[in-house]
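In what follows, a single structure is set out as structure tokens and then discussed.
The values are calculated or read from the model by the stated rules, or taken from the named source; none is laboratory data. Please read these numbers as outputs of a predicted model, since none were measured by experiment. All Cβ positions, glycine included, derive from the backbone under ideal geometry; neighbour counts span all protein chains shown.
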Amino acid sequence: MYSLNILHLYPDILNLYADRGNILALQYCAQKIDVSINIKYLFIGDEFPADIDLILIGGGQDQDQEHVSLDLIRHGSKIKSLVLENLPVLAVCGGYQLFGKSYQLSKKKILEGIGIFDCVSIAEPNLNHERFIGEILINAQNNLGSIIGFENHSARTYLGAQVEPFGHIVKGFGNNGVDSTEGAIFHNAIGTYLHGPILPRNIKLTYFLLNCAIKRKFGSFVELPSENDVIVDNAYNYGVNYILSK
Ligand code: GLN
């Protein structure tokens, strides 16, 4: 039986809109494909644990991001080396911004990110701009197709040349509301504005992350369940249709 170690960064601080549900979805899907998973947590001040196969980080308010940003920088080069070895990552909203190069909170205050994604985020609160809130539907990379979620952020994120968008907007705002991009993908690291939580709502993305971790660790993919997961599929289809009807 395959076994994976999942590391959840700062679960006590970055857990907006039930991002912890992403862990539950990973547990649910892992069970279906006979993979055992062991969840580890990293809190402020902790050493980075060994033998990690997948990393999750959730969203948070600006002040929560300020709270964790310096601690995260301690682990930046370790995380970067794992990502370059194709370790899968899911970084949501506030976590996504901190996995970029920087998050500018105001004219005077810039939080340094760990630069996994070649992108910058800017809050620009003084411009009094609209907050991006609502259901979102994107067409995602890696044959993942339609991915649904809920976004709520004031920052705008701008991608550089060294990163691809995770997807393109069908409905919603995404990175900046202008260039129709959503999130970022670099190797198997995905940054996204999609809460929801995203994984229970998009089970194919959950299996994608698990399979990236299994491929990296054991050299082969596992077969996905052949039978339909009726409740999960109905919830996903309802979500897609609901967003398209708006
Ligand atoms: N504080 C960030 C913003 O508003 C992230 C919010 C979030 O994680 N939902 O842009």
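Before moving on, here are some points about what is shown:
- Verdict on Phe132 being within 11 Å of the ligand (Cβ to nearest atom), more than 14 Å from the chain's Cα centre (by Cα) and aromatic (Phe, Trp, Tyr): yes
- Selection count where residues are part of a strand (DSSP E or B) and of a type in the set (Ser, Thr, Tyr), scope the range 97-111: 2
- Residue in the range 185-203 that is charged (D, E, K, R) and either surrounded by fewer than 19 Cβ atoms within 10 Å (Cβ to Cβ) or over 19 Å from Gly21 (Cβ atoms) (or both) present: no
- Any helices (runs of 4 or more DSSP H) falling wholly within the range 1-96 and containing at least 1 residues that are within 16 Å of the ligand (Cβ to nearest atom) and more than 16 Å from the chain's Cα centre (by Cα): 62-74
- Among the helices (runs of 4 or more DSSP H) confined to the range 183-246, the ones with at least 3 residues that are of a type in the set (Gly, Ala, Ser) are located at 230-245.
- Residue in the range 140-157 that is within 16 Å of the ligand (Cβ to nearest atom) and in a loop (DSSP other than H, G, I, E, B) present: yes
This table checks each residue for (1) small (Gly, Ala, Ser); (2) buried (at least 16 other Cβ atoms within 10 Å of the Cβ); (3) in contact with a strand residue (DSSP E or B) (Cβ under 9 Å, 6 or more places away or on another chain).
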| residue | (1), (2), (3) |
| --- | --- |
| Lys109 | no, no, no |
| Glu112 | no, no, yes |
| Ser121 | yes, yes, yes |
| Gly134 | yes, no, yes |
| Ala140 | yes, yes, yes |
| Asn143 | no, no, no |
| Ser146 | yes, yes, yes |
| Gly160 | yes, no, yes |
| Phe166 | no, yes, yes |
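- Hey, Asn188 under 21 Å from Gly95 (Cβ atoms) and in contact with a helix residue (DSSP H, G or I) (Cβ under 6 Å, 6 or more places away or on another chain) or not: yes
- Candidates Ile114, Ile136, filtered to the one that is in a strand (DSSP E or B), touching a Gly at 6+ places or on another chain (Cβ under 6 Å) and touching a residue at least 40 places away in the same chain (Cβ under 8 Å): Ile136
- Evaluated against (1) over 19 Å from Tyr96 (Cβ atoms); (2) surrounded by 15 or more Cβ atoms within 10 Å (Cβ to Cβ); (3) touching a Lys or Arg at 6+ places or on another chain (Cβ under 9 Å), His8 falls short on exactly one condition, (1).
- Test for Asn175: is it within 16 Å of the ligand (Cβ to nearest atom) and buried (at least 20 other Cβ atoms within 10 Å of the Cβ): yes
- Considering the range 84-103, the residues that are in contact with a helix residue (DSSP H, G or I) (Cβ under 9 Å, 6 or more places away or on another chain) and among the aliphatic types (A, V, I, L, M) include one that is surrounded by the fewest Cβ atoms within 10 Å (Cβ to Cβ), namely Leu87.
- A Cβ distance below 7 Å, combined with a sequence gap of six or more or placement on separate chains, defines the contacts here; from the range 218-240, residues that are surrounded by 14 or more Cβ atoms within 10 Å (Cβ to Cβ) reach residues that are in a loop (DSSP other than H, G, I, E, B) and modelled with pLDDT of 90 or more in the pairs Val222/Ile33; Leu224/Ile33; Tyr236/Asn202.
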